[in-house]
Amino acid sequence: ALNQRSKSRYDLGGAPSRSLPSEVLGHARLTDLNAGRTYPLTKPLVVIGREDGCDIKLVDANVSRKHAQLTQDVTGTWKVTDLGSTNGSKLNGSPVTKALLCDGDVIIIGITTLEFRES
């Protein structure tokens, strides 16, 4: 039951107040510079981690089950938040707990390097 409860904290289904216009969402993406894989950011809350239920699942032993999340507000601004991960997160080389994201920012989670692009 506990696992189900924590999962629902990240479930945005059926929450119309959180939906954003498609022109605001749509173009942002993360690219895994190690693997060359691109993840389109198609909803306003994206959880990154090792766990199967994560929106972006990374195969990296240094990544926590739920490591970090990206959120987008109604103005289209994206933020990265570390979710109390064991090894922490870095933004452009510096440790980060929570920060605004800009086009071209580099997020390091475990040994995975992710580049944030807005368009």
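Table for the structure above
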| quantity | calculated |
| --- | --- |
| Cβ pairs under 8 Å, 6+ apart, first in region 43-64 and free of Cβ contacts under 8 Å to residues at least 12 places away in the same chain and on the phi > 0 side of the Ramachandran plot, second surrounded by fewer than 18 Cβ atoms within 10 Å (Cβ to Cβ) and among the polar types (S, T, N, Q) | none |
| Positions within region 51-78 being exposed (fewer than 14 other Cβ atoms within 10 Å of the Cβ) and closer than 15 Å to Ala28 by Cβ, in sequence order | Asp73, Val74, Thr75, Thr77 |
| Selection within region 28-38 - outside any loop (DSSP other than H, G, I, E, B) and touching a residue at least 40 places away in the same chain (Cβ under 8 Å) | Arg29, Leu30, Thr31, Asp32 |
| Condition met for Asp55 (more than 18 Å from Asp103 (Cα to Cα) and out of contact with any helix residue (DSSP H, G or I) (no Cβ under 8 Å at 6 or more places or on another chain)) | yes |
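Every read-out reported here was derived from the displayed coordinates using simple, explicitly stated rules and does not represent laboratory data. Quick caveat, the model's predicted, so the values are computed rather than measured. FYI the Cβ positions are ideal-geometry reconstructions off the backbone, even for glycines, and counts take in every protein chain you see.
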